[in-house]
Amino acid sequence: MSFHKNREPIASVQGQIVPLSQAMVPALDRGYLFADAVYEVLRTYKGRPFLAKGHFRRLERSLATIRIEGVDLEGLKKRIQSVIREGGFDEALVYIQISRGVAPRAHGFPEGVKPFEFFYVADYVDTAAPLRESGVAVSLQPDIRWGRCDTKSTNLLGNVLAYQDAKDQGAYEAILFKEDGTVTEMTRTSFFAVKDNIIWTHPAGHRILPSITKDLVFELCEKIGQPIRAHAIPLKDLMEFDEMFMAGTTTEIIPILLVDGKPVGNGTVGPVTMALRKAFLDYLNHWLSHPDDDVDGDFSD
């Protein structure tokens with residue numbers, strides 16, 4: 001991802017609007033001390049948050065999972081919309097983080113402490129655009145993350161280390177696999193593989209994030225009649241697949257052409273991936289041109 005260099009992102013810290021460079025988080029914030037926090041990332045197109053209701057449903061679920069209570073999500077939506085509108089943001093990225101709060105360092109949940117809300121909105125430059133045409137190389141990395149990847153926690157050290165190892169090898173991303181030889185997902189995106197015109201991807205559960213873009217991929221597959229299966233992929237069979245691609249909020253859909261230097265299929269962008277990319281663009285363009293028809297985009301019901 002990339003941010004526009006000509007102006008500074010705008011942040012909100014407990015409702016106080018400041019330039020991002022002036023945003024301060026207390027040293028005793030539990031998100032800083034324990035990664036006792038959850039987060040969300042949304043992308044806006046033409047000033048409208050895309051798939052926002054899905055992202056906020058996931059945020060609400062993440063908060064409930066780690067038992068953070070008392071968060072005003074409706075107020076948060078309004079504050080984000082206000083920053084987008086008043087800041088004149090068009091193509092932008094919205095980052096949201098909510099911790100359990102600020103309290104003396106102790107493992108137990110503190111009593112009488114309010115959650116700490118932080119978000120920022122930044123102009124977004126889509127550096128991934130050419131990669132959706134050319135495809136990328138990725139690396140295989142062990143999945144060393146904690147056991148509740150279905151919660152979008154700020155505890156991302158496992159993702160960071162795997163991504164950096166992949167980057168050190170000249171790869172764009174990493175495909176993660178467990179000790180039992182099962183492929184899970186990627187460090188920042190969902191993973192899909194195609195064999196005999198059928199898309200395969202890891203089923204929902206504690207091992208992977210319930211991706212909002214992945215949900216959209218399933219919806220698009222149903223719409224265009226593309227078979228898709230939620231079934232774990234054995235690592236030993238991975239290179240037998242004909243196509244691979246990743247999907248995510250900022251990446252959209254990007255083809256994978258090389259895995260650890262080995263070509264996927266014939267080493268070119270495959271027809272299934274291209275069809276999904278077209279279906280995604282058709283969905284996005286329809287959403288942009290029919291704002292009154294919105295089902296799962298803007299915050300308003």
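Among the residues of the range 177-196, which ones are more than 26 Å from Ala275 (Cβ to Cβ) and assigned to a strand (DSSP E or B)? Passing the criteria: Phe177, Thr182.
Checked against (1) surrounded by fewer than 20 Cβ atoms within 10 Å (Cβ to Cβ); (2) closer than 26 Å to Asp150 by Cβ; (3) touching a residue at least 60 places away in the same chain (Cβ under 8 Å), Arg43 passes all but condition (1).
Checking the conditions here, which among Ser12, Ser2, Ser21, Ser62 is modelled with pLDDT under 95, hydroxyl-bearing (Ser, Thr, Tyr) and either out of contact with any Pro (no Cβ under 8 Å at 6 or more places or on another chain) or farther than 23 Å from Ser211 by Cα (or both)? Spell out the reasoning first.
Values: Ser12 fails: modelled with pLDDT under 95; Ser21 fails: modelled with pLDDT under 95; Ser62 fails: modelled with pLDDT under 95.
Unique residue meeting the criteria: Ser2.
Quick check on Asp150: is it modelled with pLDDT of 95 or more, surrounded by fewer than 18 Cβ atoms within 10 Å (Cβ to Cβ) and either among the small types (Gly, Ala, Ser) or part of a helix (DSSP H, G or I) (or both)?
Working: modelled with pLDDT of 95 or more: yes; surrounded by fewer than 18 Cβ atoms within 10 Å (Cβ to Cβ): yes; either among the small types (Gly, Ala, Ser) or part of a helix (DSSP H, G or I) (or both): no.
No, not satisfied.
The number of residues in the range 260-279 that are within 13 Å of Val138 (Cβ to Cβ) and crowded, with 23+ Cβ neighbours inside 10 Å comes to 1. Residue check: Arg207 meets all listed conditions (1) under 18 Å from the mean Cα position of the chain (by Cα); (2) closer than 23 Å to Ala129 by Cβ but one, namely (2).
Taking (1) farther than 30 Å from Ala171 by Cβ; (2) out of contact with any helix residue (DSSP H, G or I) (no Cβ under 8 Å at 6 or more places or on another chain); (3) buried (at least 20 other Cβ atoms within 10 Å of the Cβ) in turn, Arg100 satisfies each apart from (2).
Yes/no per residue for (1) crowded, with 16+ Cβ neighbours inside 10 Å; (2) among the β-branched types (Val, Ile, Thr); (3) within 24 Å of Phe50 (Cα to Cα); (4) at pLDDT below 95:
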| position | (1), (2), (3), (4) |
| --- | --- |
| Leu216 | yes, no, yes, no |
| Pro234 | no, no, no, no |
| Phe241 | yes, no, no, no |
| Gly297 | yes, no, yes, yes |
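Out of Asp215, Asp237, one residue alone is within 27 Å of Ile80 (Cβ to Cβ) and part of a helix (DSSP H, G or I). It is Asp215. Selection of first residues in the range 246-258 that are free of Cβ contacts under 8 Å to residues at least 24 places away in the same chain and of second residues that are crowded, with 23+ Cβ neighbours inside 10 Å and not hydroxyl-bearing (Ser, Thr, Tyr), restricted to Cβ pairs under 9 Å at least 6 apart or on distinct chains, gives an empty result. Answer yes or no: is there a residue in the range 42-53 that is closer than 30 Å to Ala106 by Cα, at pLDDT 95 or above, under 19 Å from the mean Cα position of the chain (by Cα) and not small (Gly, Ala, Ser). Within the range 42-53, none of the residues are closer than 30 Å to Ala106 by Cα, at pLDDT 95 or above, under 19 Å from the mean Cα position of the chain (by Cα) and not small (Gly, Ala, Ser). Say whether the condition of being over 30 Å from Glu243 (Cα atoms) and of a type in the set (Lys, Arg) is met by at least one residue in the range 64-76. Within the range 64-76, one or more residues are over 30 Å from Glu243 (Cα atoms) and of a type in the set (Lys, Arg). Restricting attention to the range 60-94, which residues are surrounded by 21 or more Cβ atoms within 10 Å (Cβ to Cβ), in a helix (DSSP H, G or I) and out of contact with any Lys or Arg (no Cβ under 6 Å at 6 or more places or on another chain)? Result: Leu63, Ile80.
Right, Leu257: in the same structural domain as Thr187 (by TED's automatic domain parsing), over 18 Å from the mean Cα position of the chain (by Cα) and surrounded by 13 or more Cβ atoms within 10 Å (Cβ to Cβ) or not? Give the steps one after another, and end with the answer.
Working: in the same structural domain as Thr187 (by TED's automatic domain parsing): yes; over 18 Å from the mean Cα position of the chain (by Cα): yes; surrounded by 13 or more Cβ atoms within 10 Å (Cβ to Cβ): yes.
For Leu257, the condition - in the same structural domain as Thr187 (by TED's automatic domain parsing), over 18 Å from the mean Cα position of the chain (by Cα) and surrounded by 13 or more Cβ atoms within 10 Å (Cβ to Cβ) - is met.
The values are calculated or read from the model by the stated rules, or taken from the named source; none is laboratory data. Predicted model, so just to flag it, every value in this text is computed and none were measured. Reconstructed Cβ throughout: ideal geometry from the backbone, glycine too, with neighbour counts over all protein chains shown.
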